[in-house]
Structures are given as C-alpha cells and as structure tokens.
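Here is the structure we will look at, set down as structure tokens.
The values are calculated or read from the model by the stated rules, or taken from the named source; none is laboratory data. Here the structure is a predicted model, which means the values were calculated and not measured. Neighbour counts run over all protein chains shown; Cβ positions are idealised from the backbone, glycine included.
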Amino acid sequence: MKKVLLFSLFLLLVAAAAGGIYLRRFEFATLYHPSAEIFATPAHFQLRYQEVQFVASDGTPLHGWWIPANRPRGTVVYCHGNAGNIGSNAHLAPEFFKRGFHLLLWDYRGYGRSGGRPSENGFYDDARAAFDAAAAMSGPLPILVYGNSLGAAVAIQLAADRPAAALVVEGAFASAADIARRWYPNFPLARLLSVSYDSAAKAAALNAMPKLFGHSTTDEVIPFQSGRILHAAAAPPKTFVLLSGGHNDSSWFKPGAAGNAELEAFLGQFER
C-alpha cells in the first residue's frame with residue numbers, strides 16, 4: 001500500500017510539472033509573437049533614417065531606427081505591440097515626422113534584429129535603454145513615450161522609470177490578469193500567470209505627467225472595458241479618447257477621424 005501511495009504521489013508531481021511547463025509555454029505563445037524578418041523601413045515612405053544599435057543593462061543587444069524631423073519640437077519613443085517588429089510599424093514614421101517629432105522605432109529583445117528572448121522585465125529594461133539612446137540623440141528636446149497594446153504596458157513602466165514629458169497609450173489594458181479573465185473567463189488563468197504587466201497600478205502613480213489614452217469600442221483584441229479601467233486608475237492629468245476601427249487602425253492619426261482633434265491638441269502643447 002505504501003508503494004502504491006508513493007507511486008501515485010510521484011505521478012501527481014509529474015503531472016503537475018508537465019502542467020506547469022505547458023502553462024508557461026501557452027502563456028509565452030499568447031503574449032509574444034516576434035518576427036525576425038523586416039519587410040519595410042522608413043525609406044519605403046520617403047523618409048531618411050539612421051540604424052541605431054544600443055544595449056540593455058543586462059547586455060542584450062538592441063536595434064532600432066532613428067527618424068529625424070525637420071524643425072523638431074520633441075522626440076517620440078515608440079513601444080510597439082506584441083507582434084511583428086519595427087518594420088510592421090514603419091508606416092507610422094510619416095505621422096510623427098509631419099507633426100514635427102523625431103521618432104525612435106526600436107525592437108524588444110527577441111524581435112527583429114534585437115537579441116535575446118522576450119520577457120516582461122526584459123522589455124522594461126529594453127525600454128529604459130531605448131529612452132536613454134533617444135535622449136542622447138535628441139538633446140534638450142522633450143521626450144514623449146508612446147505605447148500600443150502590450151507596448152502600452154511597457155510605455156507606462158518607462159514613464160515611471162525615466163523623465164518623460166508626456167505619455168500616449170493606444171489600445172491598452174489594465175493588467176495581464178484583467179486580460180486573462182476577459183479572454184478566458186472559464187479558466188483560472190489570472191491566478192496562474194508568471195507576468196503582471198500591471199499598468200493600472202503603475203499609471204496611478206504617474207502624477208503631474210500629461211497622459212492621453214485612446215481606445216476603440218470595436219477593438220477586437222483588447223477589450224474596451226480594460227482600457228477604461230486603466231484610464232480610471234491613472235493619476236491626473238489625463239484624457240480619454242474614443243477611437244474608431246480595429247485594434248491596429250490608429251484612427252486618431254487621420255484628419256477628421258475619431259480622436260484626431262484630441263491627439264493634435266495633446267501634441268500641440270509642445271511648441272516648435
């Protein structure tokens with residue numbers, strides 16, 4: 001009987017270990033969708049740019065593009081979403097260029113030409129290195145941090161870690177646990193996550209920094225309600241803007257579209 005109990009216990013431990021490994025793999029595959037191949041550059045949009053190499057504090061080599069503006073009024077450090085790489089976001093370069101902002105498009109560890117493997121703390125480390133690289137190139141100009149989707153969580157942490165002049169987030173979520181509950185309401189995944197991406201708690205501590213939140217009610221990836229929770233938790237000053245279209249449509253860059261007037265007014269506080 002004792003041998004049977006010990007064997008049963010052993011099987012339970014093996015099953016628990018296998019379940020834990022599967023959960024971590026599932027979590028990683030759900031969170032991160034990196035791509036190594038870059039299909040577009042700012043040159044596709046008739047913009048000059050500079051290849052930038054910099055290093056995270058743990059030694060991970062990182063890659064980005066510096067797109068300078070004419071008569072700049074500020075610099076934008078752009079934190080992209082969980083899929084693709086900077087090539088997937090090259091189409092945004094003209095949007096910041098024509099508004100008078102230098103732009104640093106850069107890739108997290110494991111994405112594009114950056115080394116390493118994706119992780120929450122690694123992303124935060126990468127963002128700090130990106131900000132420092134942008135600060136070295138932009139001089140005394142104010143630096144805005146912009147984050148989209150998962151990149152919004154990175155941007156919010158970055159705004160807490162570095163002296164950003166303002167924060168813009170698009171299609172953001174309150175926390176990883178909140179998203180897990182909304183995506184998988186019938187499973188207790190929220191209590192089993194190894195990541196937190198707790199943007200709501202961090203945004204609540206960003207006092208005095210101007211913040212602009214944009215979210216579409218028809219966002220098919222990040223539920224609108226999660227974005228509203230994030231905005232409600234954030235410290236003032238803050239503005240929430242209704243966007244239109246899908247998760248990656250960025251309607252507020254289009255003149256006359258939903259959110260455009262608010263975005264232009266927010267960016268307009270930085271004079272040339």
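Starting from residues that are touching a Leu at 6+ places or on another chain (Cβ under 9 Å) and crowded, with 20+ Cβ neighbours inside 10 Å, keep the ones in the stretch 100-111 and report whichever is farthest from Gln46 (Cα to Cα). Working first, answer last.
Narrowing the stretch 100-111 to residues touching a Leu at 6+ places or on another chain (Cβ under 9 Å): 100-103, 105-109.
Imposing the further condition that a residue be crowded, with 20+ Cβ neighbours inside 10 Å reduces the set to 101-103, 105-109.
Values: Phe101: 16, His102: 15, Leu103: 15, Leu105: 16, Trp106: 19, Asp107: 21, Tyr108: 25, Arg109: 28 Å.
Across the stretch 100-111, the extreme among qualifying residues is Arg109.
Every listed requirement among (1) part of a loop (DSSP other than H, G, I, E, B); (2) among the hydrophobic types (A, V, I, L, M, F, W, C); (3) in contact (Cβ under 8 Å) with a residue 60 or more places away in the chain; (4) touching an Asp or Glu at 6+ places or on another chain (Cβ under 9 Å) is met by Ala174 save one, (3). For the stretch 179-186, the criterion of a residue being in a helix (DSSP H, G or I) and either in contact with a Leu (Cβ under 7 Å, 6 or more places away or on another chain) or crowded, with 18+ Cβ neighbours inside 10 Å (or both) is satisfied by at least one position.
Checking Ser138, Ser199 one by one, the residue that is under 18 Å from Phe96 (Cβ atoms) and either of a type in the set (Lys, Arg) or buried (at least 16 other Cβ atoms within 10 Å of the Cβ) (or both) is Ser138 and no other. Being part of a loop (DSSP other than H, G, I, E, B) and in contact (Cβ under 8 Å) with a residue 24 or more places away in the chain is a property that holds for Tyr108.
Taking the stretch 245-257 as the range and being surrounded by 15 or more Cβ atoms within 10 Å (Cβ to Cβ), assigned to a loop (DSSP other than H, G, I, E, B) and touching a residue at least 24 places away in the same chain (Cβ under 8 Å) as the test, the residues that pass are Gly245, His247, Asn248, Asp249, Ser250.
Within the stretch 115-130, can you find the residues that are part of a helix (DSSP H, G or I), of a type outside the set (Asp, Glu), touching a Lys or Arg at 6+ places or on another chain (Cβ under 9 Å) and surrounded by fewer than 24 Cβ atoms within 10 Å (Cβ to Cβ)?
Initially, the stretch 115-130 is screened for residues part of a helix (DSSP H, G or I), giving 120-130.
With of a type outside the set (Asp, Glu) added as a condition, the list becomes 121-124, 127-130.
Subset that is touching a Lys or Arg at 6+ places or on another chain (Cβ under 9 Å): 122-123, 127-128.
The answer is Gly122, Arg128.
Taking the stretch 43-89, which residues are assigned to a loop (DSSP other than H, G, I, E, B) and either buried (at least 16 other Cβ atoms within 10 Å of the Cβ) or outside the structural domain of Ala176 (by TED's automatic domain parsing) (or both)?
Filtering the stretch 43-89 for residues assigned to a loop (DSSP other than H, G, I, E, B) gives 46-49, 56-60, 68-73, 80-82, 85.
Passing the criteria: Leu47, Tyr49, Ala56, Thr60, Pro68, Ala69, Pro72, Arg73, His80, Gly81, Asn82, Asn85.
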